[in-house]
Structures are given as C-alpha cells and as structure tokens.
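The values are calculated or read from the model by the stated rules, or taken from the named source; none is laboratory data. Since the structure is predicted, the reported quantities are computational estimates derived from the model, not experimental observations. Reconstructed Cβ throughout: ideal geometry from the backbone, glycine too, with neighbour counts over all protein chains shown. Note: areas computed on protein heavy atoms with side chains; ligands, DNA, RNA excluded. Shrake-Rupley method; radii C 1.70, N 1.55, O 1.52, S 1.80 Å.
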Amino acid sequence: MVKQFVQDEEKQRLLQDGHEEKHFTAGEVVRDIIIGVSDGLTVPFALAAGLSGANAPSALVLTAGLAEVAAGAISMGLGGYLAAKSDADHYHRELQREQEEIETVPDTEAAEIADILTQYGLGPEEYGPVVTSLRNNPKAWLEFMMKFELGLEKPEPRRALTSAGTIALAYVVGGLLPLLPYMFVPTADRAMATSVGVTLAALLFFGYVKGRFTGNRPFLSAVQTAVVGALASAAAFGMAKAVQSI
C-alpha cells in the first residue's frame, strides 16, 4: 500500500511539473496524403508529358489532364474507402471471434496472456496478477487480446470516409500542379518545359516533407521522390515519341 502511494505521488508530481510526451499520432492521415499527392503529381505529369511528346496542343493536354485528375481522384478515393472499410470489417470479425473464445475457452485465452507477457520478459510471479486482473475485467481482456495477440487497433468509426476524402483531395492538389503551365502557355513544348520545372520542384518539396513526417532522411526522400516522377514522365514521353514515329 505504501509503495503504491509513493508511485501515485510520483506520477502526480511529474504531471504537475508539466511533463508531456509528444508523439505523432496522425500517421494514417499522413499516409493517405502521401498516397494521394505522390500519385497525383506523377500520373498527370506523365500523361501530360506523353501527350506533349505526341505534339498535342496545350488545350488538349489540359483537357485530358483534368479528366485524368477527376477520374484518378474518384478511383483513388474509392480505393482508400474500400481499403479502410476492409480493415474495419476484418477488425470486427476478429473481435467477435476473440469474444467467443474468451467466453468458451477462457483458460486457453488466459494461457495466451501468459505467453504474450513472457515474451516481454515477465515471469509467472509477475504476469500472474495481470492475468487474474484481466480475467476479472472482460472488456479490458478483449482489448488486450486484440492489441497484443492479433496486433489490431480499433479503427475510427469514420475512418473509411476520411481516408477516401483525404486521398481524393490530395490527388487533386498534386494532379493540378503539373497542369498549371498548360493553362497559360499555348505551346505544348514550352508548357511541358515549365511543367517539368514546376513538378520536379513540387516532387522535391513533397519528398522532403514526406521524409520529415515518416522519419526518413528528408533530403534522400526528396531525391527519391523526384527521380521516380522524372522516370515516369520520361517513359511516357519516350513512348509517345516512339508511337508517333511508327
């Protein structure tokens, strides 16, 4: 009892001293933005480069590019929705299965708790009270098994809609950047040269920001992102020129 009181006092002291842990918790949103922007920058850019290589006028490149951005945003958003919905459905199926196992074979599930805690270096005298406590709290027991046995986190209720909207919007933002020069430069060749500069700058900036958020080296991430976009557009441009020469 005295030991617990001392621990509680120490916890309160740390909180009163302003101790605050800072963790990045928006990983799923950032992932959706990365997916949307990276594809939005690359695909319309490659399409515009390919049409420019076929000597298409700027108006045609812009029309085709905007159509692709609209279709791509819908497709990517739908894909994000279905992926998040599938994850949520999988979680709830496993939740129901785990609930049934706790009710029908509680001793087996309790033994699995011990196995899990053993992997963290706890001995029988240490994990025994934890197992007993969880058995007396079915809700916490179920949450523990979902997280530590199955590695599944409870999804946000509106995750599917949020993912769809985020990916679609990010795709539109990324896709419009390579097309901006075609709105103001009537000659496709000149517009493409400007688009190359704008898009490569955007890819470098996006790659740097992506590296900062994901914990990778920002400058390396910037270079890798720009190289991927450049290769995609170069391939589309080369294919258009090859088809035109046939």
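If you roll a 1.4 angstrom probe over the protein chains with everything in place, what fraction of the accessible area of the range 67-111 belongs to carbon and sulfur, to the nearest %? Each step should come with its number before you reach the end.
On the way: 1560 of 2640 Å².
Ligands and nucleic acids excluded, carbon and sulfur reach 59 percent.
Would you mind getting the accessible area per residue of the range 175-223, heavy atoms of the protein chains only, 1.4 Å probe, in Å²? Let's see the in-between values first.
On the way: 2800 Å² over 49 residues.
For the range 175-223, the solvent-accessible area averages 57 Å² per residue.
Projected onto the charge dipole of the range 87-175 (+1 at Lys/Arg Cβ, -1 at Asp/Glu Cβ, origin at the Cα centre), which of THR162, ILE113, MET146 gives the Cα projection farthest towards the positive end?
Final value for the positive-end residue is THR162.
In a shell of Cβ-Cβ distance under 13 Å around GLU100, excluding GLU100 itself, what net charge do Lys and Arg (+1) and Asp and Glu (-1) give?
Numbers: positive: ARG93, ARG97; negative: GLU94, GLU98, GLU101, GLU103, GLU109.
So the environment of GLU100 carries a net charge of -3.
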